[in-house]
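Participant: This is the structure I have questions about; it appears just below.
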Amino acid sequence: MNPKKILVLGIGNLLWADEGFGVRCVEALNAGWCFPDNVTVMDGGTQGLYLLPYVQEADCLLVFDAVDYGDTPGDLREVVGDQVPRFMGAKKMSLHQTGFQEVLAAAALTGKLPAELVLIGVQPEELEDYGGSLRDVVKAQMVPALNLALDWLERWGVVGSIREGAAEAITDRALAMDVYEAGRPPADQAYRLGDARFLNAEAA
C-alpha cells in the first residue's frame with residue numbers, strides 16, 4: 001500500500017506580529033523533527049491559490065494559522081474536517097485567509113480536497129505591528145500546537161524522529177525567528193506603524 005500523502009502547512013505573514021504563528025510553527029517542526037518522504041512540511045506564507053496543487057495532491061492536510069475566533073489571546077483551537085473552511089472564513093483577519101479559503105473551495109470543486117483536514121489555530125493578541133514578532137501568549141502555544149500536530153501525524157501513520165544536526169531552512173534565513181527578533185528595536189523605541197529596518201530599506 002502507498003502511504004498517505006501528508007501536507008503540513010503554515011500560513012500567515014511573518015511581518016505582522018501574531019500573523020506569523022503558522023509559519024513559525026512549521027519552521028520549528030522542520031527544525032526539530034525528520035519525517036518520511038510522504039510528509040511535506042511547507043511554509044505557505046500568503047501564497048493563496050499558488051498552494052492549490054500542493055493541497056490537491058495531499059490525502060491529509062494539517063494547517064497552522066492565527067485565526068480570530070473571538071477568544072482570549074493565546075487560546076489554541078483544534079478544528080477538524082468540514083469545520084476547517086468554516087472557521088477560516090468566519091472572521092478574516094487578512095487576505096491570506098481569503099486566499100486559502102479559495103484554495104480549499106477550488107480543491108473541493110475539482111474533487112481533490114484532502115480526505116482529512118485539521119486546523120491548529122491560535123487566537124492572536126497583536127496584528128497591527130509591522131516588523132513585530134509573536135507576542136508571548138501566542139509564542140507560548142507553539143509547543144502545544146506542535147504536540148497536537150505530532151499526534152495527528154501519528155494517527156495518520158507517521159512517527160517523526162528527532163532531528164540531529166541543522167535542518168535545511170524552509171524560510172529565508174534572514175526571517176528566522178532568532179535573526180528577526182534580534183533586529184527588532186525595544187518595544188519603547190519601536191514605531192507601531194512600521195519597523196525602521198523596513199522603512200529605511202524602502203527609503204534607500
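Participant: Along segment 104-116, what does the Karplus equation 6.51 cos²θ - 1.76 cosθ + 1.60 (θ = phi - 60°) give for ³J(HN,Hα), rounded to whole Hz, x for Gly and Pro?
Facilitator: 4, 5, 5, 4, 5, 5, 8, x, 10, 6, x, 5, 10
Participant: Can you give the accessible area of Met142, probe radius 1.4 Å, in Å² rounded to 10?
Facilitator: 20 Å²
Participant: Right, something else. Taking a probe of 1.4 angstrom, what is the accessible area of Thr171 in Å², to the nearest 10?
Facilitator: Accessible area, nearest 10 Å²: 20 Å².
Participant: Percent of accessible area on segment 1-78 owned by carbon and sulfur, 1.4 Å probe?
Facilitator: Numbers: 1570 of 3150 Å².
So the carbon and sulfur contribution to the accessible surface is 50 percent.
Participant: List the aspartates and glutamates whose alpha-carbon lies under 16 Å from that of Lys4, not counting same-chain residues fewer than 8 positions away?
Facilitator: Partners found: Asp37, Glu57, Asp59, Glu116, Asp151, Glu154.
Participant: Measuring from label point to label point, each 7 Å out along Cα→Cβ, what is the Glu154 to Glu128 span in nm?
Facilitator: With each label point 7 Å from Cα toward Cβ, the separation is 4.2 nm.
Participant: Solvent-accessible area per residue for segment 1-160 at a 1.4 Å probe radius, Å²?
Facilitator: 43 Å²
Participant: Can I ask one more? Between rounded, prolate and oblate, where does segment 5-66 land on the alpha carbon gyration tensor, with a ≥ b ≥ c its root eigenvalues, rounded for a/c under 1.5, else prolate if a/b exceeds b/c?
Facilitator: Since a/c reaches 1.5 but b/c is at least a/b, the shape of segment 5-66 is classed as oblate.
Participant: Report D for segment 45-92 in µm² per second (integer): Stokes-Einstein, Kirkwood Rh on Cα pairs, 37 °C, 0.692 mPa s. Working shown, then result.
Facilitator: Values: Rh = 12.4 Å.
Translational diffusion coefficient: 264 µm²/s.
Participant: Please give every one of the aspartates and glutamates within straight-line cross-link reach of Lys139, meaning a C-alpha to C-alpha distance under 15 Å, and leave out same-chain neighbours fewer than 8 residues apart.
Facilitator: Filter leaves Asp18, Glu19, Glu27, Asp65, Asp75, Glu125, Glu126, Asp178, Glu181.
Participant: Here's a follow-up. Using a 1.4 Å probe and counting only protein heavy atoms, arrange Arg155, Arg184 so the residue with the most accessible area comes first.
Facilitator: Ranked list, largest accessible area first: Arg155, Arg184.
Participant: Would you kindly state how much longer the chain becomes between Glu168 and Val80 on full extension, computed as 0.36 nm times their sequence separation minus their alpha carbon distance, in nm to one decimal? Working shown, then result.
Facilitator: Values: separation 88, 0.36 × 88 = 31.68 nm, distance 2.99 nm.
Extra length from Glu168 to Val80 when fully extended: 28.7 nm.
Participant: For segment 110-181, which whole percent of the accessible surface, found with a 1.4 angstrom probe, sits on carbon and sulfur atoms?
Facilitator: Result for segment 110-181: 50 percent of the exposed heavy-atom area is carbon or sulfur.
Participant: Moving on to the next point. Considering Cα pairs under 8 angstrom that are at least six residues apart, work out the relative contact order of segment 1-117 and quote it in whole percent.
Facilitator: Once normalised by length, the contact order is 32 percent.
The values are calculated or read from the model by the stated rules, or taken from the named source; none is laboratory data. Because the structure is predicted, anything quoted here is derived from the model rather than measured. When we count neighbours, we look across all protein chains shown, and the Cβ atoms used for this are built from the backbone with ideal geometry, even at glycine. In case anyone asks, the SASA skips ligands and DNA or RNA and just uses the protein heavy atoms, side chains included. Shrake-Rupley method; radii C 1.70, N 1.55, O 1.52, S 1.80 Å.
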